[in-house]
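One structure below.
The values are calculated or read from the model by the stated rules, or taken from the named source; none is laboratory data. Since this is a predicted model, take the numbers as computed values, not measurements. A quick note on method: Cβ atoms are made from the backbone with ideal geometry, for glycine too, and the neighbour counts reach across all protein chains shown.
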């Protein structure tokens, strides 16, 4: 089992990547969401210059906000700074698109995007269509080392739906997901394998599987209702709540899509959304406020023990270790922790001290 961190892309957050490296974390996923954070590639460039071992990459780069050749050249530029320890996470866009009131990229276009980026990063010529005009493109000036394509850059696909999972099987070197419990994760992995098979591909033995969540290591006697626990897990629970709201809204307000741990608070949360000060077509700016950075104070009441227990790795050290072993047995190779910015160092240090040694 490997352990990574998720990074809200503040321009100074290369320091938390440097700190995570000192604690023994193997990978840092830097988020890409242009309306709420700094530019992810600027953060990655600084991290590349200030670290030496940790794998660094996008967590995940959003296909709808940059054309494929730009994404390929950006990550290949980082690879010139951190050769052989750079990766590219790619996704269709949740907050990056939602906070502009737009939808994420459709899977057909996403699949084409993946194909173009993979070919360019492999140094190949590939057909690329821009505004209806298709031309063959390829990176030039390879000998001058503007980019590093010689150290292969793996692509890790963010996927949950069946078509995106199939695309991960066709083009990905791995995938990252939320919802990593074995009963949820195993069917996803089967859909990835099926997508690979349909493309005439066999998944490599080192196909990477990552699960993003957060953690809170409890001391004896601590409870999930304690303020410290809510402080350290609340931004993740809030992020999940906002995600399920968008899924619910996009699927005809289907209440069956809401997980059990949110059902008790769901009517109150819907009332909160309806009472927001912005009109419905601008409300996305309030819904996603604080995304993975902090918990909106008005939403603290939704961070219930059930929501924490079902969305986070929480418990005393032996309990978390047992939980991680169960995830590992299901096929997950990495757990990436994304704590709120105000608690980052403590959450990462607690996990590194009390959990990670059991897997070393």
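Values as computed for the structure displayed
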read-out: So residue 129, is it farther than 22 Å from residue 162 by Cβ and at pLDDT below 95; value: no
read-out: In region 291-316, the residues that are in a helix (DSSP H, G or I), in contact with a strand residue (DSSP E or B) (Cβ under 9 Å, 6 or more places away or on another chain) and under 22 Å from residue 249 (Cα atoms); value: 311
read-out: Answer residue from region 271-290, given it is closer than 18 Å to residue 248 by Cα and touching a residue at least 24 places away in the same chain (Cβ under 8 Å) and is surrounded by the most Cβ atoms within 10 Å (Cβ to Cβ) among those; value: 288
read-out: Residue check for residue 336: at pLDDT 95 or above and either farther than 22 Å from residue 2 by Cα or outside the structural domain of residue 27 (by TED's automatic domain parsing) (or both); value: no
read-out: Every residue from region 72-122 that is part of a loop (DSSP other than H, G, I, E, B) and under 18 Å from residue 27 (Cα atoms); value: 82, 83, 84, 85
read-out: Criterion: surrounded by 17 or more Cβ atoms within 10 Å (Cβ to Cβ), assigned by TED's automatic domain parsing to the domain that holds residue 31 and without any contact (Cβ under 8 Å) to a residue 60 or more places away in the chain - qualifying residue of 184, 99, 116; value: 116
read-out: Failed condition for residue 316, given (1) out of contact with any helix residue (DSSP H, G or I) (no Cβ under 6 Å at 6 or more places or on another chain); (2) at positive phi; value: (2)
read-out: Residue check, residue 74 buried (at least 23 other Cβ atoms within 10 Å of the Cβ) and in contact with a helix residue (DSSP H, G or I) (Cβ under 7 Å, 6 or more places away or on another chain); value: no
read-out: Residue list for region 322-340, restricted to those being over 15 Å from residue 178 (Cα atoms) and touching a strand residue (DSSP E or B) at 6+ places or on another chain (Cβ under 9 Å); value: 322, 323
read-out: Sole exception among (1) modelled with pLDDT of 95 or more; (2) more than 28 Å from residue 346 (Cβ to Cβ); (3) outside any loop (DSSP other than H, G, I, E, B) for residue 276, by number; value: (3)
read-out: Output for region 192-230, where each listed residue is touching a helix residue (DSSP H, G or I) at 6+ places or on another chain (Cβ under 6 Å), surrounded by 19 or more Cβ atoms within 10 Å (Cβ to Cβ) and either in a helix (DSSP H, G or I) or free of Cβ contacts under 8 Å to residues at least 40 places away in the same chain (or both); value: 192, 195, 196
read-out: Matching residues, region 14-38, being touching a strand residue (DSSP E or B) at 6+ places or on another chain (Cβ under 7 Å) and either free of Cβ contacts under 8 Å to residues at least 40 places away in the same chain or not in a loop (DSSP other than H, G, I, E, B) (or both); value: 16, 17, 20, 27, 28, 29, 30
read-out: Residues satisfying the stated conditions in region 39-68, i.e. assigned to a loop (DSSP other than H, G, I, E, B), farther than 12 Å from residue 27 by Cβ and under 19 Å from the mean Cα position of the chain (by Cα); value: 39, 60, 63, 64, 65, 66
read-out: Qualifying residue in region 303-318 (condition: surrounded by fewer than 14 Cβ atoms within 10 Å (Cβ to Cβ) and free of Cβ contacts under 8 Å to residues at least 40 places away in the same chain); value: yes
read-out: Hits in region 60-96 (condition: in contact with a strand residue (DSSP E or B) (Cβ under 7 Å, 6 or more places away or on another chain) and either at pLDDT below 95 or within 23 Å of residue 285 (Cβ to Cβ) (or both)); value: 60, 61, 62, 63, 91, 93, 96
read-out: Residues satisfying the stated conditions in region 251-269, i.e. part of a helix (DSSP H, G or I), surrounded by fewer than 15 Cβ atoms within 10 Å (Cβ to Cβ) and free of Cβ contacts under 8 Å to residues at least 12 places away in the same chain; value: 255, 256, 263, 267
read-out: Total residues in region 194-215, condition over 19 Å from the mean Cα position of the chain (by Cα) and within 29 Å of residue 236 (Cα to Cα); value: 1
read-out: Complete set of residues in region 17-32 that are buried (at least 23 other Cβ atoms within 10 Å of the Cβ) and touching a helix residue (DSSP H, G or I) at 6+ places or on another chain (Cβ under 8 Å); value: 17, 20, 25, 28, 30, 31, 32
